[in-house]
Amino acid sequence: MKRRLVAWVFLIVAGAGVLPAGTSDAGGVPFSASLNVPDYKASMIVRDPYPFHDKPKEYSRSVFHHDGWTRVEEIQGNETNIAYGSALDNVVLWTRRFGDEDFTRVDIDKTKPREARETGDAESRAGEACKWSEITRKGSQDGPIWLSCLSGDGIEIGEKVLFSSKELMTETRLVRLE
């Protein structure tokens, strides 16, 4: 308990003085187009056809959304990555842990607002229907192509990241939604 409290105090103190990380991720938390997304828990699998170093090609992602804020935890072998933030407020807190170590890095990312353009494609994932949209950041057209599959109530239940050549970089698939 004391170790967890120290970690949270560190996150708060470090967060007050850390400069934005400017990561290349689309935002670290699932895309949200509205404030009306219901609270949910989602279990997902991320498939990475081109893993870096010794990381697995598939790993788990847990998403917890409550009252407009989302916590995403990804476990990749011995590494745990956590992002906590609000897609609509465009702020994400990032942290990474290796094995049983305390948090090894904390970043705050003030992201650019994201916009969605529906692609017209739809499908079903783990029994949930969704429509695909291309996600872009305002003023940023370079880099990978981000696609998000949103359910009727705005929950991101799938994500694809494509290289500019349209080749798959990563894919996230819903396993369970509560």
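None of the figures in this text is laboratory data; all of them are computed from the coordinates on show. The shown structure was predicted, so the numbers you read here are calculated from the model rather than taken from an experiment. Virtual Cβ from ideal backbone geometry, glycine too; neighbours counted across all protein chains shown.
Taking the simple approach of a point 7 Å from Cα along Cα-to-Cβ for both Glu101 and Glu167, what is their distance in nm?
That separation, rounded to one decimal, is 3.2 nm.
Which aspartates and glutamates, on any chain, are close to Lys41 with Cα under 17 Å apart, when same-chain ones fewer than 8 places away are left out?
Straight-line reach from Lys41, under 17 Å: Asp67, Glu73, Glu74, Glu128, Asp153, Glu156, Glu159, Glu178.
Set the Förster distance to 25 Å, then compute FRET efficiency between Lys57 and Ala126 from the Cβ-Cβ distance, nearest 0.05.
0.80
If amide hydrogens are placed 1.01 Å from N in the peptide plane, which non-local residues have theirs closer than 5 Å to the one on Gln76?
Correct list: Asn81.
Would you grab the residues whose amide H sits under 5 Å from the one on Gly158? Only those 5+ places off in sequence or on another chain, please, with H modelled 1.01 Å from N.
The answer is Cys149.
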